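What follows is a set of notes on a single structure, which appears directly below.
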Amino acid sequence: MDAARRGRRGARSAPGGLPGHFSLLWLALALVAAAWPAAVHAQILRPHLAWRTIETEHFAFHFPAELEPWARHVAERMESVREEVAPLVGSAPRRRTTVIVDDPYNQVNGIAYSMIAGPVIYLWPNPPDPRSMLGNLRSFPEELAVHEYTHIAHLTRPSRRPVRRLIALIVPSARERAMPRPPRWMAEGYATYVEGKLTGSGRPHGVYRPSVLRQWALEGRLPSYAQLNGSAAYQGDAFAYLAGSAFIEWLAARKGDSSLVLLWRRLSARQRRSFDDAFAGVYGGLPADLYGRFTVEMTAGALEAQRALAESGADTGTVVQRLNWSTGNPALSADGKLMALTLRSTPNRPGRIVVWETAEAPDTMAAKRRERLSKLDPEDVPAIEYQPPPKRAVSTL
């Protein structure tokens, strides 16, 4: 559920404006960018379908006829979503928001564009897998609508800088994107934070986010501040949603919910500020420094939870295999002696189906190998077994 913005990657905060002779260059780039969203939309839309339209006071819904029940369900609730989101975020776009409902790729997603003359939201109606980080939902359409409209309400806050306001008058595509963009972790983490705040469900209230964050903390693998915007690591694209939203909750607990609105007000102020400057003026420290403190407290909480679980005597199960990427539920054979499951090594390569024996196969040669090594080198130290030996695949697809 991405908030589309300049570069699509918010790895570094954009400055509040460009001084002196760079102003004309900035204006020229903005004029070029005005045509870009149309090309993006053309690649996603399927014009050969029979399209329908529903309009409300602040929204215009466009959808294929086959998706009308889902689109109408959302349209009937979208004004209520706006009434709840706008006061919490502290702003809302003046122009009507276009909402396009379509299912081009049979995937779960939503996209918010705040960079054109009138904001646009794409909603893809496929529900998430219950095992995924999006599985804890009271209503998927509600969750998706709140998350994406938070992007629109947040990222269309107008700048109070005269140069940016002038550009917004001249360039249609700049009218809804005058405020400097925060980094991706803040944009996506904030929308995730609001989705939990207003719906009482979603990622902030599920078991997926705390379990993943605690496991990362116990392994010393919480993402660094530089990785929050995304990385090639496992769940790297989800860092902004999972760790970002948890960090924002931690900030709000320290300074109150209203501190986030104060941050947006400082970022859109007449005084030119970077994101780091605006952030430090509200929270009393640079985001990277405070994130470091957050990870320390997260790790301490994870260790305490691990200690409490061990002292309770609860059976936490047995580790069968330690995998490098994600998998699904294993399928057991009728006699319970075999199981099939998917193994993946990277997010971009096809997975493989393997069949394993459920019983642990004894390694009859292990003792002989250790004995042979000991004879060859009596001072050698045999390795300890710190994780289960790799399973041998009975069959692979």
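The values are calculated or read from the model by the stated rules, or taken from the named source; none is laboratory data. Since we're looking at a predicted model, the values are computed, not measured. Don't worry about glycine lacking a Cβ; one is built from the backbone with ideal geometry, like all the others, and counts go over all protein chains shown. The area values use the complete protein model at the heavy-atom level, side chains included, leaving out ligands, DNA and RNA. Shrake-Rupley method; radii C 1.70, N 1.55, O 1.52, S 1.80 Å.
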For the pair Gln215 and Leu262, how long in nm is the line joining their label points, each one 7 Å along Cα→Cβ?
3.8 nm
Over the Cα atoms, compute the radius of gyration (one decimal) and Dmax (the largest Cα-Cα distance, rounded to a whole number) for the stretch 260-344, in Å.
23.3, 71
Approximate spin-label separation Gln306-Leu45, in nm, with each point projected 7 Å along Cα-to-Cβ
5.3 nm
Rg and Dmax in Å for the stretch 47-90, alpha carbons only: what are they?
12.5, 39
Taking N as the number of residues in the stretch 242-397, what is its alpha-carbon radius of gyration divided by 2.2 N^0.38 Å?
1.70
Return, ordered by residue number, the residues of the stretch 136-152 whose backbone nitrogen is under 16 Å from a label point located 7 Å along Cα→Cβ of His205.
136-147
Just report the Cα centroid separation between the stretch 102-149 and the stretch 298-350, whole Å.
28 Å
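Please give the peptides 328-341, 245-258 ranked by average Cβ packing (other Cβ atoms within 10 Å per residue), highest first, as a rough proxy for protection. Before the final figure, lay out the partial values.
Details: 328-341: 12.6, 245-258: 17.0.
Taking the mean over residues of other Cβ atoms within 10 Å, the ranking is 245-258, 328-341.
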Measure of exposure for Tyr113: accessible area at 1.4 Å probe, Å² rounded to 10, is 0 Å²
Accessible area of the stretch 235-299 with a 1.4 Å probe: how many percent of it is carbon plus sulfur?
45 percent
Counting sequence-distant residues (5 or more places) and residues on other chains, those with an amide H built under 5 Å from that of Arg52 are Phe63, Ala65
Lys, Arg +1 and Asp, Glu -1 on Cβ, resulting dipole of the stretch 217-311 about Cα centre, debye, nearest 20:
560 debye
Once Lys and Arg get +1 and Asp and Glu get -1 on their Cβ, which of Ala280, Val355, Ala269 lies farthest toward the positive end of the dipole of the stretch 265-364?
Ala269
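With a Förster radius of 51 Å, plug the Cβ-Cβ distance of Ile353 and Ser374 into 1/(1 + (r/R0)^6) and report the FRET value to the nearest 0.05.
Rounded to the nearest 0.05, the efficiency is 0.80.
Placing +1 at every Lys and Arg Cβ and -1 at every Asp and Glu Cβ, with all other atoms neutral, what dipole size does the stretch 308-397 have around its Cα centre, in debye to the nearest 20?
On the way: 12 positive and 11 negative charges, 112 e Å.
Using Cβ point charges on Lys, Arg, Asp and Glu, the stretch 308-397 gives about 540 debye.
Note the direction-averaged projected area, equal to a quarter of the hull surface, for the Cα convex hull of the stretch 293-342, in nm².
Details: hull surface 22.3 nm².
Dividing the Cα hull surface by four gives the mean projection, 5.6 nm².
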Using only the Cα atoms of the stretch 175-282, each taken as one equal point scatterer with no solvent, compute I(q) by the Debye sum, divide by I(0), and report log10 of the ratio at q = 0.21 Å⁻¹.
-1.18
Out of residues 5 or more away from Met179 or on other chains, whose amide H comes under 5 Å of its own, with H placed 1.01 Å from N in the peptide plane?
Ser159
Compute the projected area of the convex hull of the Cα atoms of the stretch 320-397, averaged over all viewing directions, and report it in nm² to one decimal place.
7.0 nm²
Taking 0.36 nm per residue of separation between Leu323 and Arg270 and subtracting their Cα-Cα distance, the length gained on full extension comes to 14.0 nm
Largest first and to the nearest Å, give the Cα extent of the stretch 47-150 along each principal axis.
34, 33, 25
